[in-house]
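Below is one structure, written out as structure tokens, with a few remarks after it.
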Amino acid sequence: MIICGIDFSAGSTIAASAAAALCAKQDDELLLVTVVQSDQPSAKGSAEMQLEHEAAELHRRYHIEVATRVAHGTPEVELLELAQTSRARLLVVGASGGSRLARRLGSVPEGLCRASTLPVLIARNGSGIQAWSTSAKPLKVLLGSGLGDASACALRYVASWPDIALTLAHVAWPYGEHYRLGVGQPMPLDHLRPEVHRQLIGDLGRWASEAHVGHTTKLAVIPGWGRVDAHLAQLAHEKEADLLVVGNHRRNLVERIWHGSISRNAIHEASCDVLCVPMLSAPSALRSAPQSVVVPTDFSLLADRAVSVGYSLLAGGGVLHLIHVVTDAHADRGLLLEQLKARVPAQAAERGLCTELKLIDGASPWLTIWQYASRANADLICLGSHSRDASASLVLGSQAQALLQHSRVPVVLVPPDREG
């Protein structure tokens, strides 16, 4: 079932048509809901008559089952309650309504996107969805990806729709991405160097492959400063997208003030329809064993424990990147390389595991590890979490903490031997 909230304004009429077109395309039922704020019987009766007329027209045009309901109260509250208690899978509202009630915390669409446990479609014109429902053309969908869990939820949801032309777009901050990958100077501020663009396209493709999208998907990485939603809205306009899809973390008020809200701002910035998909708990799923693990070592006993654990995590045919961060420009690199080789278990080759030995110059161990793992497309980083040796620069707790704060790659921490 799809729920559509209407108030008989021009915007809500567009929303009703878009919701009906979705139902026709996906063989679903439609529930039209209007919320009256007056408790007068005449107001309810008038709303019922208008709803029945709208339902009959949608049934005639789209050949779908349309039910109606009149609720009393605040539109946002009533629609959210109905969405939570029904078996609906989508909530549709217009981009603008006829209510004159001003709200300090935002409009009804904003409130629904913030609090709804269902995906919310904000219909601005609906023409693309209507053409798609009649198989006149594919639905051109642009999905903004931050390469995280919220975007993954949005991708899984919209990937189940048939006949869509899907483009995944990632807005990259040039300075931040060049810094993360350890690309040397000069560091451009308004564009991505070719090697960085290739890296990010690969990252986006690998991220998308985990969702097992059945559609042919285009990938787009664009440089951008400032608000991500503004760049996504502009890209959606340039690509003439019918639908902009964004994931929604459903943060509380303090978090929204601190982090901002891409989904909230996209509602206002985009010229096309916008689909906000909340991040909800997904069923646990088995993932394949890691194929690429980075293990940094400073040749301490704790680092040796991490090397052993790192190899044990790898799947057959995987690669372990055994790295040492060289902080002394006068160090004997030949000796350091021999020390790395000495830590490769003899059984590694027998198990079909490959080893890459790397000496990397860097003043900050955690930053050097983070940058290398980003460039190597590592599945995991495995390192010691604390050292008893005060001279050990790599495995100090502060290094592990800094890496955890910045890394997109999962980090496995290996504690010291507590015996003795």
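The values are calculated or read from the model by the stated rules, or taken from the named source; none is laboratory data. Treat the numbers as computed from the prediction; the structure is a model and nothing was measured. Note that we place each Cβ from the backbone using ideal geometry, even for glycine, and neighbour counts take in every protein chain shown. With ligands, DNA and RNA removed, areas are computed over all heavy atoms of the protein, side chains included. Shrake-Rupley method; radii C 1.70, N 1.55, O 1.52, S 1.80 Å.
List of remarks:
- Debye log10 I(q)/I(0) at q = 0.16, 0.20, 0.27 Å⁻¹ for segment 1-76, Cα point scatterers: -0.52, -0.78, -1.27
- Difference of contour (0.36 nm per residue) and Cα-Cα distance, ALA10 to LEU337: 110.6 nm
- Residue-wise HN-Hα coupling along segment 118-127, computed from phi with Karplus coefficients 6.51, -1.76, 1.60 (Hz; x: Gly, Pro): 9, x, 10, 9, 9, 8, 9, 9, x, 5
- The solvent-accessible area of SER96, taken with every protein chain present and a 1.4 Å probe, is close to 70 Å².
- Across the chain, the relative contact order, built from alpha-carbon pairs under 8 Å that are at least six residues apart, equals 13 percent.
- Sequence-ordered 3J(HN,Hα) estimates for segment 177-191 from the Karplus curve with 6.51, -1.76 and 1.60 and θ = phi - 60° stand at 6, 5, 5, 4, 8, x, 6, x, 6, x, 9, x, 9, 10, 7 Hz, glycine and proline given as x.
- At R0 = 22 Å, FRET efficiency that the Cβ-Cβ distance of VAL77 and SER271 yields, to 0.05: 0.15
- Amide H contacts of SER292 (H built 1.01 Å from N, under 5 Å, at least 5 apart or other chain): VAL319, ASP379, LEU380
- Taking Cα atoms only, the orientation of helix 228-238 departs from the longest principal axis of the chain by about 60 degrees.
- Net length available on complete extension from THR117 to GLU356 is 81.5 nm, with 0.36 nm assigned per residue and the Cα-Cα distance removed.
- Each part gets one Cα centre, and for segment 316-354 versus segment 14-44 those centres are 64 Å apart.
- In terms of accessible area, using a 1.4 Å probe and ignoring ligands and nucleic acids, LEU359, LEU383, LEU404 rank largest first as LEU404, LEU359, LEU383.
- Net charge of Cβ neighbours under 10 Å - reference ALA71; Lys, Arg +1; Asp, Glu -1: 0
- Cβ screening of the chain for cysteine pairs under 4.7 Å finds these without a partner: CYS4, CYS23, CYS153, CYS272, CYS354, CYS382.
- Area of GLU238 that stays accessible when all protein chains are in place (1.4 Å probe, Å², to 10): 120 Å²
- Measuring with a 1.4 angstrom probe and ignoring ligands and nucleic acids, SER133 comes out at about 20 Å² accessible.
- If R0 is 60 Å, the Cβ-Cβ spacing of SER42 and ARG227 corresponds to a FRET efficiency of close to 0.85.
- Taking all protein chains together, ASP273, ASP332 sort by accessible area into ASP332, ASP273, largest first [probe 1.4 Å].
- Cα-derived Rg to Rh of segment 81-207, Kirkwood definition: 1.07
- Largest to smallest accessible area among ARG124, ARG206 [probe 1.4 Å]: ARG206, ARG124
- Summary value for segment 277-338: 36 percent relative contact order, contacts being C-alpha pairs under 8 angstrom separated by 6+ residues.
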